[in-house]
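Q: I have a structure I would like to understand better, so I am pasting it below and will then ask my questions one at a time.
What follows is calculated from the coordinates using simple rules that are stated; it is not laboratory data. All figures in this text were calculated on a predicted structure; none of them were measured in a lab. Cβ placement follows ideal geometry from the backbone for every residue including glycine, while neighbour counts extend to all protein chains displayed.
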Amino acid sequence: MKIPCRRHSGFTLVEMLVVVTLIAIVATIAISLLGGASRDAAEAVNASNIKHLTSCIGSYQQLHDGQLPDKLDSLMSTANVAAGGSYTMLTSGVYVADNPGTLIYIGMDSNRDGVIDDTSYTSKGLDPAAWQTVFRSLTVTQLTTNDVNYLASIGITKVYDTTPATSSFHGSERLVERALQYGDPVLTVDPQTSRNGKQLYFDLGFHDIFNTTNYPVVSTKDQDLTADGRRAAMGAARFLVFGIGRYCTMIGDRKAGLQEAPSCGVVPSSKYNRYLMVVKMPGGPNDMDAQFAGILDSMGNIARSADSWATRTGN
């Protein structure tokens with residue numbers, strides 16, 4: 001009597017390949033959705049942080065007799081500050097760096113070979129999109145004697161420059177304190193580009209910036225300011241920019257202070273990801289006080305426009 005053979009049931013190779021392919025497709029979709037959700041969450045937190053910091057600065061001023069926090073990050077390179085750079089006079093007393101990249105801290109020599117490692121994961125510096133080409137929102141200006149006095153009157157007398165690491169562990173930044181004085185370079189909002197700087201002037205309260213008679217544009221297509229328009233805007237109002245770094249006097253202060261310097265989650269950790277404080281300098285006889293103007297994220301966005309940088313630049 002023959003015993004019938006049992007055939008083992010199971011997946012064929014083709015069926016296995018189909019299942020694996022479907023799992024891969026589902027996983028890809030899930031990861032994509034999760035990545036989008038994470039980015040959206042980071043942007044929401046970023047906008048919230050800007051609003052919270054704006055409120056904190058207001059409280060800090062109220063509890064410190066109108067003073068702003070001192071010992072801010074300048075985002076200047078120590079070596080380059082010493083070199084001085086070259087400047088063009090826009091209007092009486094207002095000088096702007098001819099090449100901001102020679103002054104702004106844009107990276108770090110993490111492997112100590114004498115070359116800035118802008119692509120290194122430990123190379124922290126201001127993102128080039130903030131200070132160069134068509135998306136520029138920041139540039140460098142020289143302080144006048146009045147600037148130094150005005151800043152001191154609201155509590156800002158010292159800043160920290162960054163220097164490429166030469167002896168610290170893991171290539172982390174080293175900060176060097178300096179007292180502000182005449183001729184020192186500091187970041188300022190550049191009103192020239194319509195997509196960033198000019199819009200930022202408007203967002204910070206300089207509403208006349210879109211008056212094409214007083215502030216002419218290059219063309220009706222791109223709306224960038226001409227050299228004359230830029231000169232007129234920066235002569236009427238200058239917005240100086242400082243980073244709220246870990247040594248800022250606001251950090252750890254018992255009166256309206258912060259426990260630690262907040263970081264901007266929408267900026268890669270390979271870049272400077274602290275928030276920026278903007279100070280408006282006096283612009284004329286009816287405007288004689290320096291004052292807090294607002295908070296920007298590391299890409300130069302205020303809360304209303306704090307979308308992802310990729311969205312802003314079309315990347």
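Q: Amide H neighbours of Asp190 under 5 Å, counting only residues 5+ apart in sequence or on other chains, H built in-plane at 1.01 Å?
A: Under 5 Å from the amide H of Asp190: Leu138, Thr139.
Q: Distance from the Cα centre of the stretch 121-153 to that of the stretch 227-247, in angstrom?
A: Using only Cα atoms to place each centre, the spacing works out to 8 Å.
Q: Apply the Karplus curve 6.51 cos²θ - 1.76 cosθ + 1.60, θ = phi - 60°, to the phi angles in the stretch 204-219 and return the couplings in whole Hz, x for Gly and Pro.
A: Working through the residues one at a time gives 8, x, 8, 6, 7, 4, 8, 7, 6, 6, 7, 10, x, 10, 5, 7 Hz.
Q: On full extension of the chain, what length is gained from Leu175 through Val134, given 0.36 nm per residue of separation minus the C-alpha to C-alpha distance?
A: Numbers: separation 41, 0.36 × 41 = 14.76 nm, distance 3.01 nm.
Extending this stretch completely gives an extra 11.7 nm.
Q: Could you check how many percent of all C-alpha pairs in the stretch 148-293 are farther apart than 18 Å?
A: On the way: 6945 of 10585 pairs.
So the portion of pairs separated by more than 18 Å is 66 percent.
Q: Taking every pair of distinct Cα atoms and averaging 1/r, then inverting, what Kirkwood hydrodynamic radius in Å comes out for the stretch 209-254? Could the numbers behind the result be given before it?
A: On the way: mean 1/r = 0.0765 Å⁻¹.
That comes to 13.1 Å for the stretch 209-254.
Q: Within 10 Å, count the other beta carbons around each residue, average over each peptide in 68-77, 13-22, 289-298, and list them highest first. Don't jump to the answer; show the numbers that get you there.
A: Working: 68-77: 24.6, 13-22: 10.0, 289-298: 20.8.
So the order, starting with the most tightly packed, is 68-77, 289-298, 13-22.
Q: Taking θ = phi - 60°, what integer Hz values does the Karplus form 6.51 cos²θ - 1.76 cosθ + 1.60 yield along the stretch 243-255, in sequence order, with x for Gly and Pro?
A: x, 8, x, 5, 9, 4, 5, 6, 6, x, 5, 6, 10
Q: Which of His207, His52 comes first, and how do the rest follow, when ranked by fewest Cβ neighbours within 10 Å? Mind dumping the intermediate values first?
A: Values: His207 10, His52 16.
Least crowded to most crowded, the residues run His207, His52.
Q: What shape does the stretch 183-225 take by its C-alpha gyration tensor, where a ≥ b ≥ c are the square roots of the eigenvalues and a/c under 1.5 counts as rounded, a/b above b/c as prolate, and the rest as oblate? Can you show the working numbers first?
A: Numbers: a/c = 2.02, a/b = 1.71, b/c = 1.18.
Verdict is prolate for the stretch 183-225.
Q: Determine, from the Cβ-Cβ distance of Val18 and Asp40 and an R0 of 22 Å, the FRET efficiency 1/(1 + (r/R0)^6), rounded to the nearest 0.05. Write out the running numbers ahead of the final one.
A: Numbers: r = 33 Å, r/R0 = 1.51.
According to the calculation, E is roughly 0.10.
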